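Structure first, then comments.
Here, each number is a calculation from the coordinates, and none is a lab measurement. Remember, predicted model here, so these are calculated numbers, not experimental data. FYI the Cβ positions are ideal-geometry reconstructions off the backbone, even for glycines, and counts take in every protein chain you see.
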Amino acid sequence: MPKNIAIFASGTGSNAKKIIEYLNQNARITVSLIVSNNPSAKVLGMAKGKGIPTLLVTRKKLYENEDILKIFNEYSIDYVVLAGFLWLVPMCLVKAYENRMVNIHPALLPKFGGKGMYGMNVHKAVKEAGEKESGMTIHYVNEQYDDGSIVFQKSCTLTDDDTPQSIADKVLSLEHRYFPIIINKLVSIS
């Protein structure tokens, strides 16, 4: 019986797309649901184009009851992946998917993490700090932003000529290359 993944994303879904494409090679793991908090997120159209069910959540739907767990049970979700989801995950999900929920962060945690540190905010902070390297971190999700145990990190070298946008491009390249591989490994052993 295949293991089912739910992917949370708030934007374009480029990491979700890479994960879906990579896992198409693995009959034992299926992306069964895409969850978003953004009704105009491109990830929703991408998922529909690939025949993957989507769920649009509001703050009320996500935080004020545990209906999300019922929905996840209906889809037999075994593992949760946050791929550019900008809200803190509710405790009911964190507890239900302990050590079966991971997030990706566009920096080398513990630096440049926490509330408000997402997307270009991270890359601007890295540039302003004069860092000589950046990268991506995959970590387990707990009750705080970017605080769970680190599963995997990959770094890239930065130069004085790098801009926040070029840093973002370098980091996204790492995410696209490694995130699907790590998800495949983690879900396979869970």
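Observations on the model:
- Long-range neighbours under 9 Å by Cβ, at least six apart or interchain, first residue touching a residue at least 24 places away in the same chain (Cβ under 8 Å) and over 11 Å from Ile167 (Cβ atoms) within segment 112-128, second exposed (fewer than 13 other Cβ atoms within 10 Å of the Cβ) and of a type outside the set (D, E, K, R): Gly114/Gln144; Lys115/Gln144
- A count restricted to segment 63-84 and to residues that are closer than 20 Å to Gln144 by Cα, aliphatic (A, V, I, L, M) and surrounded by 21 or more Cβ atoms within 10 Å (Cβ to Cβ) stands at 5.
- Test: residue in segment 73-81 that is free of Cβ contacts under 8 Å to residues at least 60 places away in the same chain and of a type in the set (D, E, K, R): yes
- Residue within segment 107-119 that is of a type outside the set (D, E, K, R) and over 25 Å from Val171 (Cβ atoms) present: no
- Of note, Ala47 satisfies the criterion of being surrounded by 18 or more Cβ atoms within 10 Å (Cβ to Cβ) and in a helix (DSSP H, G or I).
- Total residues in segment 33-44, condition among the polar types (S, T, N, Q) and either more than 17 Å from Val89 (Cβ to Cβ) or surrounded by 19 or more Cβ atoms within 10 Å (Cβ to Cβ) (or both): 2
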